[in-house]
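Enquirer: One structure is given below, represented as structure tokens, and several questions about it will come after.
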Amino acid sequence: MKKLTNKGIAVLTVLASLIISFSASAIGTGEIQGRVIDSITLEPVIGATVSYYVAGTLQGTVTDVEGYYKIKPLYPGRYDLTFGSITFTNRVIKGVVVSSEKITFMDDVLMSVNKLVTVVVIEYRDKLIDPADPTANHLGIDDIKRDPNHLSPMTLISTTSPGVVASPDGQQLYFRGERSEATMYIVDGVKTRNGMLGIPGSAIGHITVYTGGVPAKYGDFTGGVVVIETQSYFDIVSQRRGGL
């Protein structure tokens with residue numbers, strides 16, 4: 001058996017990196033934006049740290065001179081954010097939802113002057129209607145798993161999206177009475193119109209359903225668009241860590 005030379009090992013390493021990068025690029029990323037302010041004076045908190053875990057690795061950023069922060073790129077999923085400052089009491093916001101190719105705009109985080117060594121923990125509540133995208137219905141991995149129809153994607157979408165009806169065999173969707181051919185399905189960036197997703201319901205991590213006002217990047221459709229992202233490595237790691 002031939003042994004790999006150092007050059008051969010280097011080539012294999014490069015190829016593996018390219019494969020991983022290509023796989024990751026198939027899953028769109030999102031970001032989180034928000035502001036941190038003093039709960040009393042409502043002045044911006046400058047230099048506050050915003051930390052979070054990605055696949056078990058601690059990462060973070062700091063607020064600018066106006067108290068704003070921006071975290072990107074982030075794979076779709078839920079993240080726990082910890083806001084810290086020497087002067088103020090730490091705050092933790094759990095379960096912030098990030099969707100593919102979207103910005104999650106957080107409400108202002110109010111921090112109080114640190115009198116005792118305490119940490120305030122609150123649960124993030126996802127907005128039912130996204131002001132920037134009111135025609136889209138977003139289903140995260142938690143929403144999907146809690147639904148009794150999670151193993152039947154078409155039934156799941158039809159029961160959670162107004163104006164959408166599934167065909168009797170559960171293989172097609174009809175948007176507002178349009179033909180099934182007028183609906184576009186996008187699975188991990190790959191387009192199809194036949195409704196054959198080619199993946200089991202248990203593999204789905206995130207679903208976005210556009211019933212109107214379809215973004216220009218998806219083209220012009222008289223029906224609707226269903227964007228499906230399968231569970232990524234980061235989803236699996238987060239679940240095992242109890243983050244999802």
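Read-outs throughout are calculated quantities, based only on the coordinates presented, and are distinct from any laboratory measurement. Just so it is clear, the model here is predicted, and its values are computed rather than measured. Counting neighbours? That spans all protein chains shown, and the Cβs are built from the backbone with ideal geometry, glycine included.
Enquirer: How much length is gained on full extension from residue 92 to residue 167, taking 0.36 nm per residue of separation minus their Cα-Cα distance?
Expert: 22.6 nm
Enquirer: Still on this model: Enumerate the calculated ³J(HN,Hα) couplings along region 70-80 in order (Karplus 6.51 cos²θ - 1.76 cosθ + 1.60, θ = phi - 60°), each rounded to whole Hz, writing x wherever the residue is Gly or Pro.
Expert: These are the phi-based 3J(HN,Hα) values: 9, 10, 6, x, 10, 6, x, x, 10, 10, 9 Hz.
Enquirer: Moving on to the next point. Zone of residue 176 (label point 7 Å along Cα→Cβ, backbone N under 14 Å): which residues in region 140-162?
Expert: 162
Enquirer: Suppose we keep just the DSSP beta bridges with both residues in region 30-123; what percent of those would be antiparallel, to 5?
Expert: So the antiparallel bridges in region 30-123 amount to around 65 percent.
Enquirer: Here's something else I'd like to know. When only C-alpha pairs under 8 Å and at least 6 residues apart count, what is the relative contact order of region 136-238, in percent?
Expert: Value for region 136-238: 29 percent.
Enquirer: How large is ³J(HN,Hα), in whole Hz, for each residue of region 30-41 in order, when computed from phi with the Karplus curve 6.51 cos²θ - 1.76 cosθ + 1.60 and θ = phi - 60°, using x for Gly and Pro?
Expert: Here the 3J(HN,Hα) series is x, 8, 10, 10, x, 9, 10, 9, 6, 5, 9, 8 Hz.
Enquirer: Exceeding 20 Å between C-alpha atoms, which entries from my cross-link table qualify? They are 72/102; 70/102; 72/94; 70/191; 72/145; 70/94.
Expert: 70/191; 72/145
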